[in-house]
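Q: Structure below; questions to follow.
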Amino acid sequence: MRGTLETIVGAMFAGKTSELLKRILWAKHQNKKIIVIKPVIDNRYSETKIITHNDLSHECFAMQNWEQVNQNFDFKKIKYDVVFLDEIQFMEMSETIQNVENILEMGIDVVCAGLDQDSRGKPWETSSMVLGLSDKILKIYGFCNVCGMEATKTYRKKEGGERTQVGAANIYEPRCLKHWEPR
């Protein structure tokens, strides 16, 4: 039987990694065999853990690419029940889609978390493709740093720069539509 694909998306500081950690803890409580993977580019707090902005964490494998992942792990149902992927927006799109499909075909569930949009309001390609293939989707929201209302956008404090700029509260904050502008 095919595995289930679940995706958690939202803006920065919405609690995506916290929600992923909740699912990781629940899977471990059920004695499921799991693996947690993140892209190596996400080294804000740790190179070997996924970590929330409020310092909750879990060990993970930091991937350079899917070839490296497949050299280190044999995705078979007898070995894994659930694969957790954090910061999917930073994973290469076509390789990620192909590997997620392969994992699902093995009967292994996949739970992804990541940004759905960049700070300019443009969809992240990998997140968009994974969302389109998902069996379950959870979009979560933060609170606007200006007014406290529901935040659906990530606001970059400094204008310009590359699209991919890894950072935390030093660079980004959650904003509602009224107080957000693309930067």
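The values are calculated or read from the model by the stated rules, or taken from the named source; none is laboratory data. All values derive from a computational prediction rather than experimental measurement. All Cβ positions, even for glycine, are placed from backbone atoms using ideal geometry, and neighbour counts span all protein chains on display. Calculation scope for accessible area: heavy atoms of the full protein, side chains included, ligands and nucleic acids excluded. Shrake-Rupley method; radii C 1.70, N 1.55, O 1.52, S 1.80 Å.
Q: Show me the strands (runs of 3 or more DSSP E) found entirely inside region 50-114 where at least 1 residues are β-branched (Val, Ile, Thr). Break it down into steps so the answer makes sense when it comes.
A: Numbers: elements: 57-59, 61-63, 82-86.
Correct list: 82-86.
Q: If I filter region 113-129 for residues that are open to solvent by 10 Å² or more (accessible area, probe 1.4 Å) and on the phi > 0 side of the Ramachandran plot, do I get at least one hit?
A: Yes, there is a match, as at least one residue in region 113-129 is open to solvent by 10 Å² or more (accessible area, probe 1.4 Å) and on the phi > 0 side of the Ramachandran plot.
Q: In region 53-90, which residue that is within 16 Å of Cys112 (Cβ to Cβ) and of a type in the set (Val, Ile, Thr) is farthest from the chain's Cα centre (by Cα)?
A: If we take residues in region 53-90 being within 16 Å of Cys112 (Cβ to Cβ) and of a type in the set (Val, Ile, Thr), then Val69 is farthest from the chain's Cα centre (by Cα).
Q: Let me ask another. On the given criteria, is Gly132 farther than 27 Å from Gln68 by Cβ, within 17 Å of the chain's Cα centre (by Cα) and either modelled with pLDDT of 95 or more or surrounded by 15 or more Cβ atoms within 10 Å (Cβ to Cβ) (or both)?
A: Criteria not met by Gly132.
Q: Answer yes if at least one residue in region 49-65 is touching a residue at least 60 places away in the same chain (Cβ under 8 Å), among the hydroxyl-bearing types (Ser, Thr, Tyr) and open to solvent by less than 30 Å² (accessible area, probe 1.4 Å), and no otherwise. Steps first, please.
A: Restricting attention to region 49-65, the residues satisfying the condition of being touching a residue at least 60 places away in the same chain (Cβ under 8 Å) are 53.
Now drop any that are not among the hydroxyl-bearing types (Ser, Thr, Tyr), which leaves none.
Within region 49-65, not a single residue is touching a residue at least 60 places away in the same chain (Cβ under 8 Å), among the hydroxyl-bearing types (Ser, Thr, Tyr) and open to solvent by less than 30 Å² (accessible area, probe 1.4 Å).
Q: Quick check on region 26-48: of everything there that is in a loop (DSSP other than H, G, I, E, B) and at pLDDT 95 or above, which residue is surrounded by the fewest Cβ atoms within 10 Å (Cβ to Cβ)?
A: Filtering region 26-48 for residues in a loop (DSSP other than H, G, I, E, B) gives 30-33, 40-48.
Next, from what is left, pick out any that are at pLDDT 95 or above: 30-33.
Working: Gln30: 10, Asn31: 7, Lys32: 13, Lys33: 13.
Out of the qualifying residues, it is Asn31.
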